[in-house]
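Below is one structure, written out as structure tokens; comments come after it.
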Amino acid sequence: MRLLLLLSLATLAVVGRAQPGAALFERAVVIEPRLPQSSVYEVLEDRRGFLWFATREGLGRWDGYTMRTWRRQAFDAGSLPGNVVRQLIEDATGDLWAVTEATDRRPTGVARLVGPAHDGVRRYEHAHVRLFVGPDGAAWLADSLALHRFDAAQDRFVRVRSRLRRTAPTGGLATRDGTLWVTSDDGLEAYAPDGRARRVDAPPGWGHPTGSSDAFHALAEAPDGTLWVGGVHLGRFDRERQAIERVPGPMPVVQGYGTGLAVGTILPDATGLWLATYDGVYRFSFADGTFARHSLRLPGDIPTQNWVSALHHDRTGTLWAGTVWGLHRAAPAPPPFRLLAHDPDDPNSLGSGIILSIHRDAQGTMWVGTLGGGLNRIGADGRVTRYRSGPAGSPTHDWIWALASDDRTLWIGTGLSLDAVDLDQPSRVRRVALNAGQDPHNPEGAQGLWTDADQTLWFGFRGRLWRKTARGDTASTAAPFASGIQAIRTVPGGAWVGTSDGLYRYDTARDAFEGFRHDPDDPTSLSDDATIALHLDRRGRLWVGTQGGLSRYEGDGHFDHLTAADGLPSNVVYAILEDDAGRLWISTNRGLARYDESATPRIRAFTVEDGVGNVEFNRGAAFRDADGTMYFGGDRGVTVFHPDALDAPAPVSPVVLTAVHRSTRAGTTTERYVGPEGVSLAPDETTVEIEFAALDFLNGHQSRYAVWLDGWDDGWVEVGDRRRVSFTNLPPGRYAFRVRAANADGIWGAETVVPLVVRPALHQTAWFQWLSALALLGLVAGVGWDVSRRRYRRELAALEAQRALEAERSRISRDMHDEVGASLSEIAVLSEVARRQLGESAVTEERLTRIADSSRLMLERLGQIVWAVNPRNDRLPALAGYLREYAARYLDAHALTARLAFPARLPDVPVSAEIRRTALLVLKEALHNAAKHAEANAIGVSFEVVAGRVLLTIRDDGRGFTEAGGDGAAARFIGGNGLGNMASRARDAGGTLAVTSAPGTGCTVRLDIPLVSPPGGSSVDVRPRMETAP
């Protein structure tokens, strides 16, 4: 392989898009390892945009990232009938049809992959057939006897008509006018829509002298309606003559295996034909009738790699070529990156694939230094001259670390010394004598070569910085660092020097160095001491490539940094070049990077998946040509490109859904196809995971994605290169799942929208919720009615019990009044009568008087009991009235002045018998004690209701007492049986009894007892009016 061809291809990359009919094939290195098997017999792009490959080990579907496969599975009738897939078509319904074999020429039948998901596989027992899509979009089949059409209703191929030739078919096609064409070794057959059929025989001289089984194999209809026929020869069908016409002129000379051209596939376009043959891919031009051959054979590979068994043009214009040994592709525009590599079988290639230095001299000759392959000179004619160490006139070492030149000399830094080539005598290498001595600490050869504007050569050698002028004067300065010099860039007054021990600024006037080192405690220091590359940009800023990233220095003593965290492929920076637009191109040990301060993002990485060719680049191996072409050396050769070829934005591919995974508690189910109706989730499908892919078969790894679940998210959510998202426990409703992709330039494509419906569970439906609400209201009403009914019954029962109790109390009251009261009254009257009738007997009179008094007392107390028991008195006004009447009567009987304060009106609220009894007994006891012991002249009684409580106060103006008094008054009030019992009664009724007194101030007894609040919860608050009685 001539390097001239590689250089011309590199030039083609600079031009941009290829001319019509030009193609540059490269190995599909990303896809090929993922194929079911490397022999590719058919390539098909389905209506959704997936790329299918028919191989010897089944079918593969490629979405740009993953390869889904279909193979024959033993004992599984739902798998392919055979793994060798010879033919693949897609009908109008989206079903895929495959002709399979067990091994070569052992057919196993036809398989139908039911679309659009293609999960189900149906088998049909038809052997030695060719498939094609009929004018009606259905799958048609030609065997050696007849034509058959697939009937979906019957799920079988139905015979349509017999064939004119009884030979095995080699091809089939339906043209736009509805005619069915079938090829065989004997010629063509045409079946018109009106039912007429005719044979078309081969023209004279069509067959191969040795006899070929590929006389007619390929059919294709060009955009202008011309029918092209391929086999051993290439021809067109003349519709006027109804005959095949051979292409005039000589056919290509076959360089590989096969008999004749052996055209297996024809792909027509507006300007020519692409032909798949046993001898590579050919391009036939309509304009001049010439053939151009494109060999797919790689260096060191066997000739049969040119057996092209499949050819396909995809929607982007990429041409895919499948061979029996692998897969190749030709992009619509030449790949921007080309690789100049070492070929052990080609002496005209580079001497080694490991590149250490690159340089073009003043005369335009390209020089490449390698590791172990010596020095390589590439002449204007593309021929390579290798310079290897050895005899005089050869390099001193085969490791060529650095190259530089002036107008007359190429300077060579080797692993041992500094060598030179005089440009007017390029065949001889001479060693440059340097009085350097031996430095055991710096055994390296000449490195970091750089020529300044005065054509002074700067370089490092044996621990010193050297300068060699154009006149031949040499000077050197001992370096203050122990390691060798890696790079040099001159500036006015000195130079920047990169070493493994830091960055140094050399001052020519002082002949001294100033060091810049890495300080782990100072983030503005150099990113790493191992300084590998230097570059001064057009603004005068110094860029330093280190093992810790890229550092920028602008003269202020501080460095800014770019690392892998900012987008560099690696932190180890080997070389830096600048293009005409001011962008930096940076080689690392994991790929190339472009730094553009005006772009977003600023750094874009290019790796082997982008066609860079090299995975790891090498120190200082970089050169920028005068026309802007850039060369970077690595471990696989020289990567060549022009920056302008990378400026055209890549197309943005459509995004398709590749799978939907639904999860329930029972497990996960997968759906491979989502139709226009979208995704519908059952209530128990709590989690859904959606997979998607941008169908970019060239740069899919550079795609970035954004998703938006409309109805849930607020907007687009960028997910980077992730191709799946999941949602959990979405509320029932209707959503729209939106997804879009951006290419490496950040350009977003059109969005794909898929409806997503989360169906509600029974309890989440509106009608169920309405019914549930109504049922709940009914239940609440029912419960409320039942509670009310029960409460009413309880209240009614309590009322009846109360009425019964009141009736019983009334009866007792009447009986006591009528029976006991009458009897006591009679006793009292009779005692009085007896006392009067007995005369003056003192004893008898006294006894009768006592009987009368006791009877009156009992009658009085009985009246009080009757009053307390009588339910008609269970009201507040009745209580107040009785207490007022009793107090007035008692005080009048004892000739004491009465000061009574009772409200004129009181609310008619119920008062329990206990409260009435307690109030009456307290009043009686207090009045009795005051009248008997207090020596009082006046006694006041007040009755009031405050905040729902009854306050009864008895106050006299008697002599008062103290607890310490010796007269026992306090004991009588507090500890005696009278008010002591009343205090106990007050506590039992929930109230309190307070007695206050002081000598000479009288005594006050205060009863505070609760009163039941009236309905509505409001408290009773009634103030008394004062009454005074003599």
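The values are calculated or read from the model by the stated rules, or taken from the named source; none is laboratory data. None of the values given here were measured: they were computed from a predicted structure. Cβ: placed from backbone, ideal geometry, glycine included. Neighbour counts: every protein chain shown.
The number of residues in the stretch 655-682 that are aliphatic (A, V, I, L, M) and loosely packed, with under 15 Cβ neighbours inside 10 Å comes to 2. The criterion of at least 2 residues that are at pLDDT 90 or above and touching a Gly at 6+ places or on another chain (Cβ under 8 Å) is met by the following strands (runs of 3 or more DSSP E) wholly inside the stretch 672-766: 687-694, 704-710, 733-742, 752-758.
In this structure, Ala495 does not qualify as farther than 14 Å from Val573 by Cβ and either out of contact with any strand residue (DSSP E or B) (no Cβ under 8 Å at 6 or more places or on another chain) or at pLDDT below 95 (or both). The test for being modelled with pLDDT under 85, touching a Ser or Thr at 6+ places or on another chain (Cβ under 7 Å) and either surrounded by 21 or more Cβ atoms within 10 Å (Cβ to Cβ) or not in a helix (DSSP H, G or I) (or both) does not hold for Ala964.
Residues of the stretch 168-183 that are farther than 9 Å from Ala142 by Cβ, small (Gly, Ala, Ser) and in contact with a strand residue (DSSP E or B) (Cβ under 6 Å, 6 or more places away or on another chain): Ala174 alone.
Is it the case, given these coordinates, that Ala798 is surrounded by 10 or more Cβ atoms within 10 Å (Cβ to Cβ), at pLDDT 70 or above, part of a strand (DSSP E or B) and not acidic (Asp, Glu)? Judged against the criteria, Ala798 is not a match. Does Thr524 satisfy being under 34 Å from the mean Cα position of the chain (by Cα), among the β-branched types (Val, Ile, Thr) and surrounded by fewer than 19 Cβ atoms within 10 Å (Cβ to Cβ)? Judged against the criteria, Thr524 is not a match. The condition of being modelled with pLDDT of 90 or more, out of contact with any Cys (no Cβ under 9 Å at 6 or more places or on another chain), charged (D, E, K, R) and surrounded by 13 or more Cβ atoms within 10 Å (Cβ to Cβ) holds for only one of Asp1008, Asp956, that being Asp1008. Filtering the stretch 435-455 for residues that are farther than 21 Å from Ile400 by Cα and surrounded by 22 or more Cβ atoms within 10 Å (Cβ to Cβ) leaves an empty set.
For every residue, the table says whether it meets (1) closer than 18 Å to Asn618 by Cβ; (2) not in a strand (DSSP E or B).
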residue	(1), (2)
Thr385	no, no
Ser394	no, yes
Ile400	yes, no
Leu403	yes, no
Leu416	no, yes
Ala420	no, no
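Checking Gly322, Gly353, Gly326 one by one, the residue that is on the phi > 0 side of the Ramachandran plot, of a type outside the set (Phe, Trp, Tyr) and modelled with pLDDT of 85 or more is Gly326 and no other. For Arg538, the criteria (1) under 20 Å from Ile488 (Cα atoms); (2) surrounded by 12 or more Cβ atoms within 10 Å (Cβ to Cβ) hold in every case but one, which is (2).
So that you can scan it fast, the table gives a plain yes or no per residue for (1) surrounded by 20 or more Cβ atoms within 10 Å (Cβ to Cβ); (2) closer than 29 Å to Leu657 by Cα; (3) of a type in the set (A, V, I, L, M, F, W, C); (4) not assigned by TED's automatic domain parsing to the domain that holds Ala694:
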position: Leu35; (1), (2), (3), (4): yes, yes, yes, yes
position: Gly58; (1), (2), (3), (4): yes, yes, no, yes
position: Asp76; (1), (2), (3), (4): no, yes, no, yes
position: Leu88; (1), (2), (3), (4): yes, yes, yes, yes
position: Gly94; (1), (2), (3), (4): no, yes, no, yes
position: Leu113; (1), (2), (3), (4): yes, yes, yes, yes
position: Glu125; (1), (2), (3), (4): no, no, no, yes
position: Ala138; (1), (2), (3), (4): no, yes, yes, yes
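Might you let me know whether the stretch 509-526 holds any residue that is under 28 Å from Thr607 (Cβ atoms) and either touching a helix residue (DSSP H, G or I) at 6+ places or on another chain (Cβ under 9 Å) or part of a strand (DSSP E or B) (or both)? No, the stretch 509-526 has no match at all.
A quick yes/no check of all residues on (1) at pLDDT 95 or above; (2) surrounded by fewer than 22 Cβ atoms within 10 Å (Cβ to Cβ):
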| residue | (1), (2) |
| --- | --- |
| Gly187 | no, yes |
| Tyr191 | yes, yes |
| Trp206 | no, yes |
| Ala218 | no, no |
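Among the residues of the stretch 568-588, the one identified as surrounded by fewer than 19 Cβ atoms within 10 Å (Cβ to Cβ) and over 13 Å from Met630 (Cβ atoms) is Gly582. Residues in the stretch 979-991 that are polar (S, T, N, Q) and surrounded by 13 or more Cβ atoms within 10 Å (Cβ to Cβ): Asn981 only.
Filtering the stretch 737-749 to residues that are exposed (fewer than 15 other Cβ atoms within 10 Å of the Cβ) and within 30 Å of Pro760 (Cβ to Cβ) leaves nothing. Of all residues in the stretch 900-920, those satisfying the criterion of being assigned to a strand (DSSP E or B) and buried (at least 19 other Cβ atoms within 10 Å of the Cβ) are Leu900, Phe902.
For the stretch 48-71, filtered to residues that are in contact with a strand residue (DSSP E or B) (Cβ under 7 Å, 6 or more places away or on another chain) and part of a loop (DSSP other than H, G, I, E, B), the residue that is nearest to Tyr673 (Cα to Cα) is Arg48. Being under 53 Å from the mean Cα position of the chain (by Cα), surrounded by fewer than 18 Cβ atoms within 10 Å (Cβ to Cβ) and not hydrophobic (A, V, I, L, M, F, W, C) holds for only one residue in Asp381, Asp422, Asp398, Asp343, and it is Asp343.
Take His359 and decide whether it is more than 37 Å from the chain's Cα centre (by Cα), touching a residue at least 24 places away in the same chain (Cβ under 8 Å) and assigned to a loop (DSSP other than H, G, I, E, B). Here the answer is no, as His359 does not meet what is asked. Which one is surrounded by the most Cβ atoms within 10 Å (Cβ to Cβ) among residues in the stretch 925-953 that are closer than 12 Å to Leu883 by Cα and in contact with a helix residue (DSSP H, G or I) (Cβ under 8 Å, 6 or more places away or on another chain)? Residue satisfying both the conditions and the ranking: Val941.
Scanning the stretch 638-651 for residues that are surrounded by 21 or more Cβ atoms within 10 Å (Cβ to Cβ), in a loop (DSSP other than H, G, I, E, B), hydrophobic (A, V, I, L, M, F, W, C) and out of contact with any His (no Cβ under 7 Å at 6 or more places or on another chain) turns up nothing. For the stretch 620-629, a residue qualifies if it is surrounded by fewer than 24 Cβ atoms within 10 Å (Cβ to Cβ) and out of contact with any His (no Cβ under 7 Å at 6 or more places or on another chain), and the qualifying residues are Arg624, Asp625, Ala626, Asp627.
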